[in-house]
Amino acid sequence: MTSTPDRPALPALLGGEPAFPAGLPLTRVRVPDRAALLARLGAVLDSGQLTNGPTVAELEEGAAELLDVPHVVAVSNCTAGLMLVLQAAGVGGGRPVVMPGFTFSATAHAAHWAGGAPVFAEAREQDITLDPADAAARLAAADRPAALMATHVYGTPCQTERLQEVADAAGVPLVYDSAHGFGSRRGGVPVGGFGLAEVFSMSPTKVAVAGEGGLVATRDAALARTLRIARDYGNPGDYDTLFPGLNARMSELHAAVGLNWLAGLPGRVAHRGALAAAFGSAVAGLPGLRLALPEPGDVSTFKDLTLILDAEVFGLSAEESARALKAEGIDSRRYFHPPVQRQRAYAHLGQAENLPVTDRLAGSVLTVPMWTQMDAATMRRTADAVVRIQSHADRLGAVLR
Ligand SMILES: Cc1ncc(COP(=O)(O)O)c(C=O)c1O
């Protein structure tokens, strides 16, 4: 197989050697410092206390320090954390909650379970985070809106200043779905302290992992107190429940796993940024391809490394590119396609046609493999496969269509 500088070797679908014959998964979780983790787990088991114990408290304190916020409340997962924050913020009674259509379904599900009605708003062309101007318009048009939600998509920090102005002008609380954002920074400030609360996920595809888990970060002491009761059925301690809460506690075992990721987190985020930058350099100049990137001065966790493809110019759609990558052994996902306003769960809301920018962007995204311990050579090889595919897009198109 030979290649020339202007015409790289053949892609696998056209008879070339696959980039990863053994396959390259989208993500690979490798727990840092296994010995420390086993010691922590052993201590939990020895204590005989598997829930409501000191390990959760230690995780909360460590996360609060990293996020530079006064309060962190650990929960069983991000979805439950969002539900409880929205409940505490007064969402309910079918009142509108404005949120991006370009997000994971759990953002909308949380609002639904809290008793709100999702109203979907547009994404920004640049980085696919919530468009503040469109959110403002949807809030203005809504009947007694209850809250504004925004997602730091892939870890890209939202327009936090503008969104706060929009929420303040509408008189609603701003709640961040920060599932992807543990370690992101907006202009040097850690994501975690914006809005009324930010809710992180510690599920296995994330940058800090508890197995399953979530963290609510807030500057509001009263909210933090309410959430500690809410995650325990609404029980303030005497079993005379104050409101219908959930069992959304994080177990001591999950907290032990989660704690293990806190030390060294900034370094791991920096490594992911360097991998993304290396990928970006290798694909720079390819027609019809750009990356979902944070604004200059911001830091993304790159929970996902996502390509935004202009199919006309790139020569292949996101879906076709995914199939071509599959032949190279490279796993990919179309995060987030379909966008939430188009998912069957929300068809009854009649908002499927409302978001043309989101539709176009959701049709253009393709997330490629990236994990914290990935080495530069693997990233480079992935980028080279993308280059190879684009260079032969014309012939690949004929095979794929
Ligand atoms: C944007 C977003 N929000 C919420 C969630 C749900 O997180 P969890 O699985 O911790 O409930 C996810 C999960 O991937 C997500 O991507």
Could we say that residue 347 is more than 24 Å from residue 272 (Cβ to Cβ) and free of Cβ contacts under 8 Å to residues at least 60 places away in the same chain here? yes
Filter the stretch 59-70 for residues that are surrounded by fewer than 20 Cβ atoms within 10 Å (Cβ to Cβ) and not in a helix (DSSP H, G or I) and give the result. 68, 70
Please count how many residues of the stretch 309-322 are surrounded by 17 or more Cβ atoms within 10 Å (Cβ to Cβ) and either at pLDDT below 95 or farther than 21 Å from residue 19 by Cα (or both). 1
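Condition first: crowded, with 24+ Cβ neighbours inside 10 Å and within 16 Å of the ligand (Cβ to nearest atom). Can you find one or more residues in the stretch 235-246 that meet it?
no
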Scan the stretch 326-381 for residues that are aliphatic (A, V, I, L, M) and on the phi > 0 side of the Ramachandran plot and report the count. 0
Of all the helices (runs of 4 or more DSSP H) wholly in the stretch 323-401, which have at least 2 residues that are within 16 Å of the ligand (Cβ to nearest atom) and buried (at least 22 other Cβ atoms within 10 Å of the Cβ)? 356-362
Of the candidates 183, 214, the one satisfying the condition of being at pLDDT 95 or above, more than 12 Å from residue 150 (Cα to Cα), surrounded by 23 or more Cβ atoms within 10 Å (Cβ to Cβ) and more than 10 Å from the ligand (Cβ to nearest atom) is 183
Just to be sure, is residue 253 in contact with a Leu (Cβ under 7 Å, 6 or more places away or on another chain) and either assigned to a helix (DSSP H, G or I) or under 24 Å from residue 64 (Cβ atoms) (or both)? yes
Tell me, please, whether a residue that is closer than 25 Å to residue 96 by Cβ, more than 18 Å from the chain's Cα centre (by Cα) and in contact (Cβ under 8 Å) with a residue 40 or more places away in the chain can be found in the stretch 323-337. no
Taking only the stretch 306-320 into account, find how many residues are touching a residue at least 40 places away in the same chain (Cβ under 8 Å), more than 15 Å from residue 291 (Cα to Cα) and not in a loop (DSSP other than H, G, I, E, B). 1
All but one of (1) away from the ligand (no atom under 16 Å from the Cβ); (2) among the aliphatic types (A, V, I, L, M); (3) touching a residue at least 60 places away in the same chain (Cβ under 8 Å) hold for residue 57; which doesn't? (3)
So the strands (runs of 3 or more DSSP E) completely within the stretch 115-230 holding 2 or more residues that are touching a residue at least 24 places away in the same chain (Cβ under 8 Å), over 25 Å from residue 74 (Cβ atoms) and touching a Gly at 6+ places or on another chain (Cβ under 7 Å) are 117-121
Would you call residue 293 away from the ligand (no atom under 16 Å from the Cβ), closer than 16 Å to residue 273 by Cβ, assigned to a loop (DSSP other than H, G, I, E, B) and at pLDDT 95 or above? yes
Residues to consider are 352, 377; find the one that is in the same structural domain as residue 283 (by TED's automatic domain parsing), free of Cβ contacts under 8 Å to residues at least 24 places away in the same chain and under 23 Å from the mean Cα position of the chain (by Cα). 352
Given the conditions (1) touching a Phe, Trp or Tyr at 6+ places or on another chain (Cβ under 8 Å); (2) in the same structural domain as residue 183 (by TED's automatic domain parsing); (3) within 28 Å of residue 292 (Cβ to Cβ), report the number of the one that residue 241 does not fulfil. (3)
Is it the case that the stretch 71-81 has a residue that's away from the ligand (no atom under 16 Å from the Cβ) and over 16 Å from residue 260 (Cβ atoms)? yes
Top-ranked residue in the stretch 87-108 [being in a helix (DSSP H, G or I) and in contact with a strand residue (DSSP E or B) (Cβ under 9 Å, 6 or more places away or on another chain); ranked as nearest to the ligand (Cβ to nearest atom)]: 106
Being over 24 Å from residue 15 (Cα atoms) and of a type in the set (A, V, I, L, M, F, W, C) narrows 314, 302 down to just 302
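The values are calculated or read from the model by the stated rules, or taken from the named source; none is laboratory data. Keep in mind the model is a prediction, meaning the values are calculated, not measured. Cβ coordinates were reconstructed from backbone atoms using ideal geometry, including for glycine residues, and neighbour counts include every protein chain displayed.
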